[in-house]
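The values are calculated or read from the model by the stated rules, or taken from the named source; none is laboratory data. The structure presented is a predicted model; accordingly, all values stated were derived computationally and were not measured. Counting neighbours? That spans all protein chains shown, and the Cβs are built from the backbone with ideal geometry, glycine included. Quick note on the areas: whole protein, heavy atoms, side chains included, nothing else; ligands and nucleic acids left out. Shrake-Rupley method; radii C 1.70, N 1.55, O 1.52, S 1.80 Å.
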Number of protein chains: 4
Amino acid sequence: MPDKLAELRRELSIANHILANEDVVDAFGHISVRHPEDSDRYLISRHRAAELVEPSDILELTLDSVPVRKTDQRLYSELVIHGEVYKARPDVYSVCHHHSPSIMPFCITGTSLIPVMPLGATMGPNVPVWDSRDEFGDTELLITKPAEGRSMAKALGDCWMVLLARHGATVAAHSLHECVFRSIYICRNADLQMRAMAMGKLGPLSKGEIEKCAAHSLTPRTISRAWEYWARRLEKADYATGGHSPKSRPEHARPEPAKFISSHGETGGNKR
Amino acid sequence: MPDKLAELRRELSIANHILANEDVVDAFGHISVRHPEDSDRYLISRHRAAELVEPSDILELTLDSVPVRKTDQRLYSELVIHGEVYKARPDVYSVCHHHSPSIMPFCITGTSLIPVMPLGATMGPNVPVWDSRDEFGDTELLITKPAEGRSMAKALGDCWMVLLARHGATVAAHSLHECVFRSIYICRNADLQMRAMAMGKLGPLSKGEIEKCAAHSLTPRTISRAWEYWARRLEKADYATGGHSPKSRPEHARPEPAKFISSHGETGGNKR
Amino acid sequence: MPDKLAELRRELSIANHILANEDVVDAFGHISVRHPEDSDRYLISRHRAAELVEPSDILELTLDSVPVRKTDQRLYSELVIHGEVYKARPDVYSVCHHHSPSIMPFCITGTSLIPVMPLGATMGPNVPVWDSRDEFGDTELLITKPAEGRSMAKALGDCWMVLLARHGATVAAHSLHECVFRSIYICRNADLQMRAMAMGKLGPLSKGEIEKCAAHSLTPRTISRAWEYWARRLEKADYATGGHSPKSRPEHARPEPAKFISSHGETGGNKR
Amino acid sequence: MPDKLAELRRELSIANHILANEDVVDAFGHISVRHPEDSDRYLISRHRAAELVEPSDILELTLDSVPVRKTDQRLYSELVIHGEVYKARPDVYSVCHHHSPSIMPFCITGTSLIPVMPLGATMGPNVPVWDSRDEFGDTELLITKPAEGRSMAKALGDCWMVLLARHGATVAAHSLHECVFRSIYICRNADLQMRAMAMGKLGPLSKGEIEKCAAHSLTPRTISRAWEYWARRLEKADYATGGHSPKSRPEHARPEPAKFISSHGETGGNKR
């Protein structure tokens, strides 16, 4: 077990770096993964920009977002986003919270985010919106109280993403790699939707296409191809800082160990 | 022959890297080249992001998209795009399939892509649109079946590019270098068309200008100037990863060996 | 004292590099800091692009923008922007003047800049506009005369930013780090406001949300997390030039020494 | 004299690299400088992307665009752009021809380019438009014949920039550094004008402001500050390719030798 956890910590730190390198997060935003052996715990970095997260920064927390081992490290203020989603959704093994410039215009204008290309279908047929003002009035637009986290998780329902009015988004997934994949490609879809809206009338995916495209996109085969690509980009971007960058090792191309991808198994013949 | 094929494999891997570095492809999208000695075969990478393709990843396939030599490598799912275009168009020696953010807004809104600057004329006077829904209903928006590939190739007709509704594009060319050139500059044209549409009424190229601009742009002289430029940019971007980057060698500036550019010969006095 | 000033000069040169690396300034634009021991002086670089400012370039000036020690170095022409704001606002310890492409469209069209996301609330509830033409007629659009500086400082009033019609912006803050933080995140807010305006009707922050978000965002805890992130990005970008880049040292993550942050103390339990 | 010419060749190759690095030119576009000792000649690179131009690539041509010394190097096809402007404008010492994405939307829609910020005033109060179609009908949209060059130079008149419909732009200046400065900052102005037009009604510079801003911007003091900045950026971008990048040497910050800046002398007290 310790070796597996060490590997997961390393994977989670790489996931942090990829999200930073692909412009999903900047100084703010975070990603977590459920503990592979104890579903009542999750792993997340201490209070730190994703770009800088090292395996040694990663802490273990209960679903009430309390550190399992006493620590004097500072914690993210919005931990309940993660804890409350894990409580409400046993099928979820990874959660990302971000304020990407790709999705913020949707959060600011209330425009519906919809799949306009195959990989965007990973958002699912419906992306609900949650507005802190409805239930909690004027706040600092952070989800710091358990009640706020629960309310947001309720809005998420059985979807894979919820937009937070004036604030950002929360993305859920069956696995860490899937969570990174979904987060990045929904941002790409949002960018394209924005450009397309400025150009003319949208011709979005049909309900049937969304379902088929999502199923295809979320196979380990497809996800690992993208992961290998992001890892290479990261390696190039991180060259200057040497030691902490993931080398372009063959293992980056491997699908995640079965332990970490929960029930979402590989479906043999899928190709992209 | 083996030396020539080795050289072509190397060129094809560089073409992959250039397309990635110039934002035509990301984790997805691929480019192929017809076998220079056997027009019933083509070469393409195994299932892998273009950014990472090495000469040793490149496989030889029949026009039915079956590997010539048995392999346990994973293959791209949309190989029929390449095979069916090569079948339908004996004049085509290279095919690129991509989902560049530059052209996606056109695929999403159904806006016509038209030449608005000289190098954009390489798209030809007409870019048809193919919608998988018309003939095949709700799919995963991938062109994986021979019938789908044939249908798309038929829509391409004798043009050089076909837009795929909600999906991407397929580009054809007389040679590998021409295919890269056309793919990149049509993306640049698409970006400019989008910006110009937001600013005012388009004043596009006339029919006569399109013809003259395309003829000039597609001479080896012009293409090799651009190729040398992309290779230098690649060299800078790939510095971190050392071994696999194409060095800025003089040979990058040379036109392609005659074998690889098919019937499209150099026309002496052209200049840009 | 000499050691403290040397450290402040180093911090100010890093602040210059961060603003350049984050696209707030280019060849033009500058940032200053009030002298921590003598509130009638301030520190700023000699006439030089922010990207290149070294600790040894930094001069000490009186609030009349006269160098404390005779120098034959060239000075920025718009020094009075800094001197006059320090005179009018004893609570201000750092001033930044820039022409970022993010805010220029607001300066050109007269569109009101408003907080549309939490970190944008650092601009405060109101960003006034100053037009040199009103009082001074046709000028070279530079604020070079004390009367112009005073007029601009008067327009700033007790706000944290003033837009300069057709010209740029001036940002004020309690500390150097806060000034960098505010400058950068207002630019990000401006970008998002622009995108959102192109997409639909803005749903901006309420008055109460602005107040709460600004208070939270400007705590040392939040600012130092962003500073550590920018310093890492800088380190990567500056790799080529070796000696002058700030290494990713732990001290970058530390809050500013109390001396440099004036009255704006840390409020214990804040988290982001 | 040989040493001075060698130095000018080196400066011209750096100017080429800067224009490429700042996105004014890509594989296409070129810049020339009039011979400092013989006003009937000019210097320009052989047929090559600006990014790759070395001092040894630079040739000497008569104003009829014929190489002074016989050469078997390929030449740019649009040399007459340079030669004909030098003939028509004895005050011009440097010419740049480019197709930057910043200005192309103006060339495509016929929208007037106007100064919306101080440095944009370097375009002058009026930027005429030349359309090859008016006089020459359908062409390959290249200016290759002396008559075409003369017609374009006539349209330029006594202005500093002329837009070429569907094609690009030609920029003129008193010196090489001024030409780079004007080319880059007009592109920045074009970007801002485009963004501002999408946001609201333009509030552009007045006639008096244009005159004063242009005069101030084009002093050696201001230009050399920007040049030092671009040289540093180039140094960082070119790190990978080592030998050919201009090191961040102090001389980059010096104003151009008087010989190369023609009649446009430094006006003592200007500051920015």
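Remarks
- Exactly one residue among C:Val25, C:Val53, C:Val33 is within 17 Å of C:Ser175 (Cβ to Cβ), buried (at least 19 other Cβ atoms within 10 Å of the Cβ), of a type outside the set (Asp, Glu) and touching a residue at least 12 places away in the same chain (Cβ under 8 Å), and that residue is C:Val33.
- Selection of the stretch B:37-50 for residues being among the hydroxyl-bearing types (Ser, Thr, Tyr) and either in contact with a strand residue (DSSP E or B) (Cβ under 7 Å, 6 or more places away or on another chain) or without any contact (Cβ under 8 Å) to a residue 40 or more places away in the chain (or both) yields B:Tyr42, B:Ser45.
- Out of C:Ala231, C:Ala214, sole residue that is touching a residue at least 40 places away in the same chain (Cβ under 8 Å) and either under 14 Å from C:Thr122 (Cα atoms) or open to solvent by 20 Å² or more (accessible area, probe 1.4 Å) (or both): C:Ala214
- The number of residues in the stretch C:36-50 being closer than 20 Å to D:Pro220 by Cβ and open to solvent by 10 Å² or more (accessible area, probe 1.4 Å) comes to 3.
- Test: residue in the stretch A:102-111 that is out of contact with any helix residue (DSSP H, G or I) (no Cβ under 7 Å at 6 or more places or on another chain) and either assigned to a strand (DSSP E or B) or more than 9 Å from every other protein chain (Cβ to nearest Cβ) (or both): no
- Residue in the stretch B:200-207 that is within 21 Å of the chain's Cα centre (by Cα) and in contact (Cβ under 8 Å) with a residue 24 or more places away in the chain present: no
- Restricting the stretch C:199-211 to residues that are in a loop (DSSP other than H, G, I, E, B) and at the interface with chain A (Cβ under 7 Å from one of its Cβ atoms) leaves a set whose member that is most open to solvent (accessible area, probe 1.4 Å) is C:Lys201.
- Residues (open to solvent by less than 30 Å² (accessible area, probe 1.4 Å) and facing chain B (nearest Cβ under 8 Å)) located in the stretch A:181-198: A:Leu192, A:Gln193, A:Ala196
- Restricting the stretch B:114-162 to residues that are over 16 Å from the mean Cα position of the chain (by Cα) and in a strand (DSSP E or B), the residue that is farthest from the other protein chains (Cβ to nearest Cβ) is B:Trp130.
- Test: residue in the stretch D:89-112 that is β-branched (Val, Ile, Thr), over 16 Å from the mean Cα position of the chain (by Cα) and more than 27 Å from D:Asn21 (Cα to Cα): no
- Lone unmet requirement of (1) among the polar types (S, T, N, Q); (2) open to solvent by 10 Å² or more (accessible area, probe 1.4 Å); (3) away from chain A (no Cβ under 13 Å) for B:Ser94: (2)
- Every condition in (1) touching a strand residue (DSSP E or B) at 6+ places or on another chain (Cβ under 7 Å); (2) farther than 24 Å from C:Arg195 by Cβ holds for A:Leu164 except the one numbered (2).
- Residue within the stretch B:236-249 that is under 29 Å from D:Pro105 (Cβ atoms), at pLDDT below 95, at the interface with chain D (Cβ under 10 Å from one of its Cβ atoms) and in a helix (DSSP H, G or I) present: yes
- Checking B:Ala169 against (1) part of a loop (DSSP other than H, G, I, E, B); (2) touching a residue at least 40 places away in the same chain (Cβ under 8 Å), the condition it does not meet: (1)
- Only residues that are in contact with a helix residue (DSSP H, G or I) (Cβ under 6 Å, 6 or more places away or on another chain), of a type in the set (A, V, I, L, M, F, W, C) and closer than 16 Å to B:Val95 by Cβ were counted in the stretch B:134-159, giving 2.
- Selection from the stretch A:181-197 of residues that are out of contact with any Phe, Trp or Tyr (no Cβ under 9 Å at 6 or more places or on another chain) and either assigned to a strand (DSSP E or B) or more than 29 Å from C:Ala121 (Cβ to Cβ) (or both): A:Tyr185, A:Leu192
- The number of residues in the stretch B:110-146 being surrounded by fewer than 19 Cβ atoms within 10 Å (Cβ to Cβ), free of Cβ contacts under 8 Å to residues at least 12 places away in the same chain and not charged (D, E, K, R) comes to 1.
- Among the candidates B:Glu78, B:Glu84, the residue that is surrounded by 16 or more Cβ atoms within 10 Å (Cβ to Cβ), at pLDDT 95 or above and touching a Pro at 6+ places or on another chain (Cβ under 8 Å) is uniquely B:Glu84.
- If you filter the stretch C:166-180 down to residues that are of a type in the set (A, V, I, L, M) and either more than 14 Å from chain A (Cβ to nearest Cβ) or closer than 23 Å to D:Gly120 by Cα (or both), you find that the one that is surrounded by the fewest Cβ atoms within 10 Å (Cβ to Cβ) is C:Ala172.
- Test: residue in the stretch D:252-261 that is part of a helix (DSSP H, G or I), within 11 Å of another protein chain (Cβ to nearest Cβ) and either modelled with pLDDT of 95 or more or in contact with a Lys or Arg (Cβ under 6 Å, 6 or more places away or on another chain) (or both): no
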